[in-house]
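Accompanying notes for the structure given below.
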Amino acid sequence: MSQDDVPLDPTAADLVLYRLMLVSGFVGQIFTRRFTRHKLTLPEWRVLLELHREGADSAAAISRRTGLTAMNVSRAVAAQRVLGRIERAPDPADARRHLLTLTARGRALIARVLPEGEATARALLAEVPPDRHAELAEMMAAMLEVARRRAQNPKGSPIG
């Protein structure tokens, strides 16, 4: 029996976190291979996807929702502005802030790339028993909620 065949002890939090980091890394590699031909990095895709899902928003809000650092969001926005996929304009409600929006070119890219990403996700899930899909989705949602909350409010958190 290999170490990978050993059932995961749910109390072994370090193993859970380690495996989450591994999954993130390997899935990131898969998606990066797909995005390269679109002149797109994974952080840039995350920013574009947030603008697609949420509409016009500030870089700070995108950073909070995605967990990307402000510097990574800034770099992603700068690269995508050069490619004409994102526009930046003053926020009419707060002159100190700027809002980011997708351009027509950015929306066209989303329309091309999003189905590829969804197909990749379906291919990955196809190798997980179908009766585990709902459980996996629920666990990932719960972990995301906890991790996001603790990352945004590290005081008093044993992991922050």
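We did not get these values from a lab; they are worked out from the coordinates using the rules stated. This structure is a prediction, so every number in the text was calculated from the model and none was measured. Virtual Cβ from ideal backbone geometry, glycine too; neighbours counted across all protein chains shown.
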| note | Along region 113-129, Karplus-curve 3J(HN,Hα) (6.51, -1.76, 1.60; θ = phi - 60°) to the nearest Hz, with x for Gly and Pro, reads 8, 4, x, 5, x, 5, 5, 5, 4, 5, 5, 5, 5, 4, 8, 9, x
| note | Taking the chain and counting helices only, DSSP H stretches of n ≥ 4 at -39,500 (n - 2.57) each over all residues, the nearest-500 ellipticity at 222 nm comes to -20500 deg cm²/dmol
| remark: Candidate cut points under GluC sites (Glu not before Pro) in region 85-150, DSSP loop plus at most 10 other Cβ atoms within 10 Å of their own Cβ, are E127
| note | Checking rank on 57-66, 95-104, with mean other Cβ inside 10 Å and highest first, the result is 57-66, 95-104
